[in-house]
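The values are calculated or read from the model by the stated rules, or taken from the named source; none is laboratory data. Quantities reported herein were computed from a predicted structural model and do not represent experimental measurements. Note that each Cβ is placed from the backbone with ideal geometry, even for glycine, and that neighbours are counted across all protein chains shown.
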Amino acid sequence: MKNSPIRKNWPRYALQWGALAAIVFFVSGLARMIFTKMEPADPEALCPVGGLEAFTTFLVRGSLPCSMSSLQIILGLCLAAAVILFSKLFCAYLCPVGTVEDLLMKLRKALGIKAVSIRNGSIGDKVLRIVKYALAFWIFYMTATASELFCKNLDPYYAVATGFKGEITLWMSIVTLSMLILGSFLVDMFWCKYLCPLGAISNSLKFWAWMLGITAIWWILGLVGVNLPWWILLGALCLGGYLLEVLCGKPKLQLVHVIKNDTLCTGCGLCNKECPYHINVAKAKGKVECVDCTLCGECVGSCSKKALEIGVGQKSKGGIWKYVPAIITLVLLCVGIYIGGKTELPTINEEWNMDQVDAHSLKSFDIEPLRSVKCFGSSMAFKGKLVQIPGTHGVKTYVGKHRVHIVYDPAVTTPEKIQEAIFVPTKFKVSAPDIANVPQVKKVTIRTESMPDKMDLNNFGMQLRLSGKKIYGVESEFGCPLYVRVYMDPSEEADSKWFKQMVEKKTLEMPLHDGTVKTTPLSFKFVQMEDGEELIPTEDYVRHMFSPFKAEFNGKYEDGVKKRAVVYEEKPQFNYEIANPNYEKPTFTRNLPFLSNHISREEGVIGLYLNLNQDLIPAIQIRFAAPCTAQRIWELINEDPWTITYKEDDVREEAAKISFKEPGVVKPW
């Protein structure tokens, strides 16, 4: 073990395997089994590649891709700085895919299988190297144009980390994972040298002066009136990086290198053999200059004559310097996480109708936390609401803190009017009253602040559910401060002190089915409890809190005293009804549009509804007429798969989203 490569190069293996172990620990769910209050791990949370894609999208569109934050961007910029100043340290010390490649090489050697040789600089090597640049262009172009992190579609790490359940394109993920495993088992560093988009980015950054020159030419052309689209610059950078890699291959501006002492070198060639990229280290004169070098230290650890050391310029430093690449990697990772956690770029930064107003007269205000604003898509949906409000002219969203920054014209509107326009009144059922034994429900009103989002009332309702008191429901009504109506059992007593305690809890600790606890930070403020209380019939309360659903198909209806299907107006119509208390739960109601879409294809099916029946139990009601029958309705709702029509030319077969155990009853409509 004394001369083991692992022992001689232990900092690299400690970081590599430590990073891989940490990923497995958090992504697999083991961490949540131990720390029950921990949120589910995000496989992309520390992804520097996604960060560079996000930064590119921010430069191109002024927005971030969905799910990307400043943390990933800062880590991506730290990676870029490491490559420019030092080398491809992330690849050598942290990348889980690189670690898997190393393990596959070691497995092949242990099995005595000879590697397939692709000599550096050969025609095959040069042709294959262009693939990663083509992939880099494709990924960055698709991400920037769609504001969706496209690399997830074909990233083998992301596919495995999510159990192939993430935002992937299955065939792409299978192909890339297969190429990673098979290619890297047979060819040393196959993925990193020929397929990895990060390898293309990193190799291009090693020639950073050339990349700056290409960017400067594109910028100067724009100044003189030749406005080339951004993707031309992206293509030029990728092409330039490829040509410099295969024609030059020796970056000159890197600070830290492997340094070879020719007087100590015996020319044994062991360093060439141990180098994962098979760089011809033995032939180097002084510093090892090669675009493939990652400063992994394998060659240094393999040299028993100490002819190889880590150094700056042409000078070998020796001693502690052999640990410098690992130390730099760890420091940059910590710095990136710290700075990324302290800063945030806007996910969108949009303006409209600015030509209709004096920009100097505009004012702005913030709303925080707005939990429904959590990604690019929800940010754009929020912008869509604002555009419809007279007097608004811009918005920035910060999804990390769920904060929105709204620009408005004070001559037209006010912050209060804007908040009222975007406010969504919400109802949340805490528990179900026993209608037979609780004839009345008590209603009290409290006033709160910092609850601008519809999810806030849900979280408050969950706090009330966990309190153990007989509280049946809550609903919100816009006001400054906000009105929150609380419905409870008449026997329950709750004063302002108790409500203040419940409203201002700092976290919601929600037990999950798997035994873990989901912790949600809260920042609600209690203002006051309104005087007086009201008793209302329980039946009225149940009807008030119920949210019906209605879908009627193919425009076959006309307005009148009653809704009638024109096509079936001369035929008897029927109601196929299935009642179940669980039918008003979100897990059921969110799938009703899919069920209605599926059954709407059947001739004779007129509509689907969710209503309370005469016993105040939620019931699915399917309205139909001949030639459809009750038996056919039962068959339709139990079919698997369902046929879902998204667009006229987009019809899909999808797994049934709802199951039914008991047939319904048929009544005249």
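Take the residues of the range 265-291 that are charged (D, E, K, R) and in contact with an Asp or Glu (Cβ under 9 Å, 6 or more places away or on another chain): which is surrounded by the fewest Cβ atoms within 10 Å (Cβ to Cβ)?
Our first condition is that a residue be charged (D, E, K, R); within the range 265-291, this holds for 273-274, 283, 285, 287, 289.
Subsequent filtering for residues that are in contact with an Asp or Glu (Cβ under 9 Å, 6 or more places away or on another chain) retains 274, 285.
On the way: Glu274: 19, Lys285: 9.
Per the stated criteria, the residue is Lys285.
Which fully enclosed strands (runs of 3 or more DSSP E) of the range 616-669 have 2 or more residues being of a type in the set (Phe, Trp, Tyr)? Explain how you work it out, then say what you get.
Values: elements: 618-625, 642-647, 650-654, 665-668.
It comes to 642-647.
Any residue in the range 487-515 that's under 18 Å from Ser476 (Cβ atoms): show its pairings with residues that are acidic (Asp, Glu) and not in a loop (DSSP other than H, G, I, E, B) at Cβ separation under 9 Å, as long as the two are six or more apart or on different chains.
Tyr487/Glu475
Counting just the residues of the range 453-485 that are in contact with a helix residue (DSSP H, G or I) (Cβ under 7 Å, 6 or more places away or on another chain) and in a loop (DSSP other than H, G, I, E, B), which one comes out surrounded by the fewest Cβ atoms within 10 Å (Cβ to Cβ)?
Cys480
Is there any pair with a first residue in the range 139-166 that is over 23 Å from Phe26 (Cα atoms) and a second that is part of a loop (DSSP other than H, G, I, E, B) whose Cβ atoms are under 7 Å apart and which are 6 or more apart or on different chains, and what are they?
Thr143/Pro65; Thr143/Leu149; Ser147/Ser63; Ser147/Pro65; Ser147/Cys66; Glu148/Pro65; Glu148/Cys66
Quick check: anything in the range 639-651 within 27 Å of Arg543 (Cα to Cα) and surrounded by 11 or more Cβ atoms within 10 Å (Cβ to Cβ)? First the steps, then the outcome.
Just the residues of the range 639-651 that are within 27 Å of Arg543 (Cα to Cα), to begin with: none.
Taking every residue of the range 639-651 in turn, none turns out to be within 27 Å of Arg543 (Cα to Cα) and surrounded by 11 or more Cβ atoms within 10 Å (Cβ to Cβ).
Is at least one residue of the range 421-435 surrounded by fewer than 19 Cβ atoms within 10 Å (Cβ to Cβ), at pLDDT 95 or above and not in a loop (DSSP other than H, G, I, E, B)?
no
Regarding Ala326, is this residue assigned to a loop (DSSP other than H, G, I, E, B) and either among the small types (Gly, Ala, Ser) or modelled with pLDDT of 95 or more (or both)?
Details: assigned to a loop (DSSP other than H, G, I, E, B): no; either among the small types (Gly, Ala, Ser) or modelled with pLDDT of 95 or more (or both): yes.
Against the criterion (assigned to a loop (DSSP other than H, G, I, E, B) and either among the small types (Gly, Ala, Ser) or modelled with pLDDT of 95 or more (or both)), Ala326 does not qualify.
Pick from Asn227, Asn272: which is closer than 14 Å to Cys303 by Cα and not aromatic (Phe, Trp, Tyr)? Give the derivation first.
Working: Asn227 fails: closer than 14 Å to Cys303 by Cα.
Exactly one of Asn227, Asn272 is closer than 14 Å to Cys303 by Cα and not aromatic (Phe, Trp, Tyr), namely Asn272.
Are any residues in the range 167-184 free of Cβ contacts under 8 Å to residues at least 40 places away in the same chain, closer than 24 Å to Ala45 by Cβ and part of a helix (DSSP H, G or I), and if so, which ones? Show your work before the answer.
The first filter runs over the range 167-184 and keeps only residues free of Cβ contacts under 8 Å to residues at least 40 places away in the same chain, leaving 167-179, 182-183.
Then keep just the ones that are closer than 24 Å to Ala45 by Cβ; that gives 167-170, 172-173, 176-177.
Passing the criteria: Leu170, Met172, Ser173, Thr176, Leu177.
Examine the range 266-276 for a residue that is part of a helix (DSSP H, G or I), in the same structural domain as Leu79 (by TED's automatic domain parsing) and not hydrophobic (A, V, I, L, M, F, W, C), and state whether such a residue exists. Break it down stepwise before answering.
At the first step, the residues of the range 266-276 found to be part of a helix (DSSP H, G or I) are 270-274.
Checking the rest, the ones that are also in the same structural domain as Leu79 (by TED's automatic domain parsing) come to none.
Taking every residue of the range 266-276 in turn, none turns out to be part of a helix (DSSP H, G or I), in the same structural domain as Leu79 (by TED's automatic domain parsing) and not hydrophobic (A, V, I, L, M, F, W, C).
Here are the criteria: (1) modelled with pLDDT of 90 or more; (2) in contact with a Cys (Cβ under 7 Å, 6 or more places away or on another chain). Tell me which single one Glu148 does not satisfy.
Here Glu148 meets the rest and fails (1).
Is it the case that the range 117-125 has a residue that's at pLDDT 90 or above, hydrophobic (A, V, I, L, M, F, W, C) and in contact with an Asp or Glu (Cβ under 6 Å, 6 or more places away or on another chain)?
yes
In this structure, does Asp262 turn out to be crowded, with 19+ Cβ neighbours inside 10 Å and part of a loop (DSSP other than H, G, I, E, B)?
Values: crowded, with 19+ Cβ neighbours inside 10 Å: no; part of a loop (DSSP other than H, G, I, E, B): yes.
So Asp262 fails the test.
What residue, of Ile220, Ile214, Ile201, is assigned to a helix (DSSP H, G or I) and free of Cβ contacts under 8 Å to residues at least 24 places away in the same chain?
Working: Ile214 fails: free of Cβ contacts under 8 Å to residues at least 24 places away in the same chain; Ile201 fails: free of Cβ contacts under 8 Å to residues at least 24 places away in the same chain.
Exactly one residue qualifies, and that residue is Ile220.
Please verify whether Ile139 is in contact with a helix residue (DSSP H, G or I) (Cβ under 7 Å, 6 or more places away or on another chain), under 18 Å from Phe55 (Cβ atoms) and either assigned to a helix (DSSP H, G or I) or not assigned by TED's automatic domain parsing to the domain that holds Gly199 (or both), treating the condition exactly as stated.
Values: in contact with a helix residue (DSSP H, G or I) (Cβ under 7 Å, 6 or more places away or on another chain): yes; under 18 Å from Phe55 (Cβ atoms): yes; either assigned to a helix (DSSP H, G or I) or not assigned by TED's automatic domain parsing to the domain that holds Gly199 (or both): yes.
Taking the combined requirement at face value, the residue satisfies it.
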